Amino acid sequence: MIRKILVWDAPTRVFHWAQALSFGVAYFTAESERYRDIHIAFGYIMLALILFRLLWGFIGTRYARFSSFLFKPGEIVAYLVSMFRRRQEHYLGHNPAGSVSVWLLLMLGLLLCVTGVMALQDDAGDFVVEMHDIATDIMLFVIFLHVAGVTVSSVLHHENLVRTMITGLKSSASEIGIQRSHNWLGLLLLALPVAFLFVFLRN
């Protein structure tokens, strides 16, 4: 019998959408001196979110842990080939293709934030600024691929992955979901950036 089970805990879901929002706001305020403080604030928020996600990748719930989506290159290639043949295996957590976008978004996000902080220093060189711009462009490209992949996977597997990342629930006939959502941590992960933003922009 197919039933709804909990796959994505609250902190993972909050991180996902908060990172997307942080990058989006930072991107659209990057070229305006008027909104410079907003750009910087959301850059710091994204850095804090990524640092949390790196920690949560080791101590979080089953499907949030990095160990659950460590795939070999051959497994990733085989999955991509199976997608074109419409014979791909269904994964309750991240599939091999999705795992690539997760790793890239984390690494590029970290590079983006670090070079952003370095660019704020008085002695920052052109190389740092250029690296920040390049990381931004690559990040946009990866986001595009990620959205395309989510769309394709949703169609092929007949499941709304966007809704899943909102509710945390997936349908399964045999697999076991996580036991705890850690809602309190999700709320904390949501509240702290809001509080930081309020304090940062007031000063």
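Every number in this text was worked out from the coordinates using simple rules, so none of it is lab data. Since we're looking at a predicted model, the values are computed, not measured. Please note: Cβ atoms are built from the backbone with ideal geometry, for glycine as well, and neighbour counts cover all protein chains shown.
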Roughly how big is the chain's charge dipole about its Cα centre, with Cβ charges of +1 (Lys, Arg) and -1 (Asp, Glu), in debye to the nearest 20?
1240
What number, in percent, do you get for the relative contact order of the chain if the mean sequence gap of Cα pairs under 8 Å and at least 6 apart is divided by its residue count?
40
Just going by the charge dipole of the range 71-190, with Lys and Arg at +1 and Asp and Glu at -1 on Cβ, which of Phe127, Gly98, Val114 is farthest out on the positive end?
Gly98
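Using helices alone, what [θ] at 222 nm do you get for the chain, with -39,500 (n - 2.57) per DSSP H run of 4 or more residues, divided over all residues and rounded to the nearest 500?
Numbers: 7 runs with 138 residues, N = 203.
Computed ellipticity for the chain at 222 nm equals -23500 deg cm²/dmol.
Within 10 Å of each residue's Cβ, count the other Cβ atoms and sort Thr136, Thr12 from fewest upward. Don't skip to the answer; put the middle values down first.
On the way: Thr136 19, Thr12 24.
Ascending Cβ contact count within 10 Å gives the list Thr136, Thr12.
Could you tally the net charge around Leu169, taking each other residue with its Cβ under 12 Å from the Cβ of Leu169, Lys/Arg +1 and Asp/Glu -1?
Working: positive: Arg3, Lys4, Arg13, Arg163, Lys170; negative: Asp9, Glu159.
Neighbour charge sum, excluding Leu169 itself: +3.
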Give a quick list of trypsin sites (Lys or Arg not before Pro) in the range 165-203 that DSSP marks as loop, anything other than H, G, I, E or B, with at most 16 other Cβ atoms within 10 Å.
Arg180
Take the alpha carbon atoms of the chain, find their radius of gyration, then divide it by 2.2 N^0.38 Å using N residues; give the quotient.
1.10
If you find the alpha carbon centre of the range 152-203 and of the range 52-114, how far apart are they in angstrom?
16
Mind checking the range 3-107 for trypsin sites (Lys or Arg not before Pro) that DSSP puts in a loop (not H, G, I, E or B) and that have at most 10 other Cβ atoms within 10 Å?
Arg34, Arg85, Arg86, Arg87
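Please sort through the DSSP H helices of the chain and keep those with an alpha-carbon extent of at least 20 Å along the long axis and a Kyte-Doolittle average not below 1.0. Please list the in-between numbers first.
Numbers: long enough: 10-28 (27 Å, 0.57); 36-59 (35 Å, 1.53); 96-119 (34 Å, 1.97); 126-157 (46 Å, 1.35); 183-202 (29 Å, 1.99).
Both cut-offs are met by 36-59, 96-119, 126-157, 183-202.
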